[in-house]
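Q: Here you go, one structure.
The values are calculated or read from the model by the stated rules, or taken from the named source; none is laboratory data. Just so it is clear, the model here is predicted, and its values are computed rather than measured. Every residue, glycine as well, gets a Cβ built from its backbone with ideal geometry; the counts of neighbours run over all protein chains shown. Ligands, DNA and RNA are stripped out before the accessible areas are found, and what is left, the full protein with its side chains, is counted by its heavy atoms. Shrake-Rupley method; radii C 1.70, N 1.55, O 1.52, S 1.80 Å.
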Amino acid sequence: MSSRKKIALIGAGQIGGTLALLAGLRGLGDVVLYDVVEGMPQGKALDLTHVGPVFGLDFNIKGTNAIEDIAGADVCIVTSGIPRKPGMSRDDLVKTNADIVRKVGEGIKKNAPKAFVIVITNPLDVMTYLMQQVTGFPAARVCGMAGVLDTARYQAHLAEDLRVSTTSVSAFVLGGHGDDMVPVRSYTSCGGIPIERMMAKEKLDAIEKRVRGSGGEVVALLKTGSAFYSPAASAILMAEAYLHDKKKLMPVAAYCNGEYGVKGIYLGVPVILGAGGVEKVIEIELSAQEKGQLEKSVSSVRSVISIL
Ligand code: APR
């Protein structure tokens, strides 16, 4: 029996294709690239197969229009759905993407019942919630990619402004993956120094505002879709934490069962990610302002869930 891991990518568009490349480059395992568009996943898979010899990679990649080909996948990363166009919010995608997520969720439940599922399709927190409902998988095995990306955006812009390496900046963004996400200033630091001692309040306010709107900034520039390199990279980091049992603390959209006063929905919170999936939600104390922002973010997620 093969000991290679199997990574199923549900949706072979901009993010799906990038995920396939990164999964190959990082040696995560064999990849199945699934999409409803005929020929496209097969074409991308063939192209990626030709990357193997260039970098000396041994990974098998198969493009397919048959959901049965994801059988036995260890990890499923879901990007099937439509992306935003300029002027749209992530929530504008809800009806179309909910139908798609319901469909692929059934396919995952049937063909890959033991998989760890990472959802990227927007509106993220709600699509992750829906995926868990449809598959009926334990909540620890279904999560959404948001906090890793939102945090990376915060780190990138802080590091850029401070003119330091991104690796010096440690940051946190919690809450829903929407324009009211919560950059947690009180836990953000540069080389261990609290960020508020490194930067003026006005500057921090401006950077946090930009982080909240970063996804939209990319959409406005691209005009035909939304960010894809960074969402893919973020999901690969999560898949690695699971496959390599890293027990890594990272913010992901996880099911809350009373943590942060939130019950019954998915929300961006810090978790330990390891072989057990979301092994633990970590509760941190927030400032009064951060608490207020988180509550606002929770209301937004709940109002989109009510559309379902
Ligand atoms: N089954 C499988 N794939 C599907 C289905 C389905 N039922 N419906 C649509 N797709 C595929 C599309 O054919 C397309 O190839 O999903 C793919 C989505 O790819 P893109 O349009 O390139 O979108 P992408 O940029 O990858 O973003 C995907 O992630 O970040 C979010 O907001 C973004 O919801 C969007 C998703």
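So that you can scan it fast, the table gives a plain yes or no per residue for (1) assigned to a loop (DSSP other than H, G, I, E, B); (2) within 16 Å of the ligand (Cβ to nearest atom):
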site	(1), (2)
114	yes, no
118	no, yes
125	no, yes
154	no, no
161	no, no
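Q: Could you grab me the full set of residues in the range 214-256 that are polar (S, T, N, Q) and at pLDDT below 95? Even if it seems obvious, please write down each step before you answer.
A: First, pick out the residues of the range 214-256 that are polar (S, T, N, Q): 214, 224, 226, 230, 234.
Once the filter is applied, which keeps residues that are polar (S, T, N, Q) and at pLDDT below 95, the range 214-256 yields 214, 224, 226.
Q: Only one of 100, 15, 67, 61 is assigned by TED's automatic domain parsing to the domain that holds residue 128, farther than 22 Å from residue 113 by Cβ, within 12 Å of the ligand (Cβ to nearest atom) and open to solvent by 20 Å² or more (accessible area, probe 1.4 Å). Can you tell me which?
A: On the way: 100 fails: farther than 22 Å from residue 113 by Cβ; 67 fails: farther than 22 Å from residue 113 by Cβ; 61 fails: within 12 Å of the ligand (Cβ to nearest atom).
None of the other options fit; the residue is 15.
Q: Which one is surrounded by the fewest Cβ atoms within 10 Å (Cβ to Cβ) among residues in the range 26-58 that are part of a loop (DSSP other than H, G, I, E, B) and more than 25 Å from the chain's Cα centre (by Cα)? Working first, answer last.
A: Here is the first cut: in the range 26-58, the ones part of a loop (DSSP other than H, G, I, E, B) are 26-29, 35-39, 50, 56-58.
If we keep only those that are more than 25 Å from the chain's Cα centre (by Cα) too, we end up with 38-39, 50, 56-58.
Values: 38: 9, 39: 10, 50: 8, 56: 6, 57: 15, 58: 10.
Among those residues, the one meeting the criterion is 56.
Q: Of all residues being outside any loop (DSSP other than H, G, I, E, B) and not hydrophobic (A, V, I, L, M, F, W, C) in the range 4-25, which is farthest from residue 101 (Cα to Cα)? Just the residue, please. It would help to see each step written out before you state the result.
A: Taking the range 4-25 as the starting set, the residues that turn out to be outside any loop (DSSP other than H, G, I, E, B) are 6-10, 14-25.
Now narrow it down to the ones that are not hydrophobic (A, V, I, L, M, F, W, C): 6, 14, 16-18, 24.
Numbers: 6: 21, 14: 17, 16: 15, 17: 18, 18: 20, 24: 25 Å.
Only one residue tops the list, namely 24.
Q: For residue 132, are the conditions met, namely being of a type outside the set (Gly, Ala, Ser), away from the ligand (no atom under 15 Å from the Cβ), not assigned by TED's automatic domain parsing to the domain that holds residue 203 and not in a loop (DSSP other than H, G, I, E, B)?
A: Working: of a type outside the set (Gly, Ala, Ser): yes; away from the ligand (no atom under 15 Å from the Cβ): yes; not assigned by TED's automatic domain parsing to the domain that holds residue 203: yes; not in a loop (DSSP other than H, G, I, E, B): yes.
It is true that residue 132 is of a type outside the set (Gly, Ala, Ser), away from the ligand (no atom under 15 Å from the Cβ), not assigned by TED's automatic domain parsing to the domain that holds residue 203 and not in a loop (DSSP other than H, G, I, E, B).
Q: I need the full set of residues from the range 204-236 which are touching a strand residue (DSSP E or B) at 6+ places or on another chain (Cβ under 7 Å) and not small (Gly, Ala, Ser), in order please. Break it down into steps so the answer makes sense when it comes.
A: Narrowing the range 204-236 to residues touching a strand residue (DSSP E or B) at 6+ places or on another chain (Cβ under 7 Å): 208, 211, 235.
Once the filter is applied, which keeps residues that are touching a strand residue (DSSP E or B) at 6+ places or on another chain (Cβ under 7 Å) and not small (Gly, Ala, Ser), the range 204-236 yields 208, 211.
Q: Looking only at the range 77-97, which residues are under 17 Å from the mean Cα position of the chain (by Cα), among the charged types (D, E, K, R) and more than 8 Å from the ligand (Cβ to nearest atom)?
A: The one that is under 17 Å from the mean Cα position of the chain (by Cα), among the charged types (D, E, K, R) and more than 8 Å from the ligand (Cβ to nearest atom): 91.
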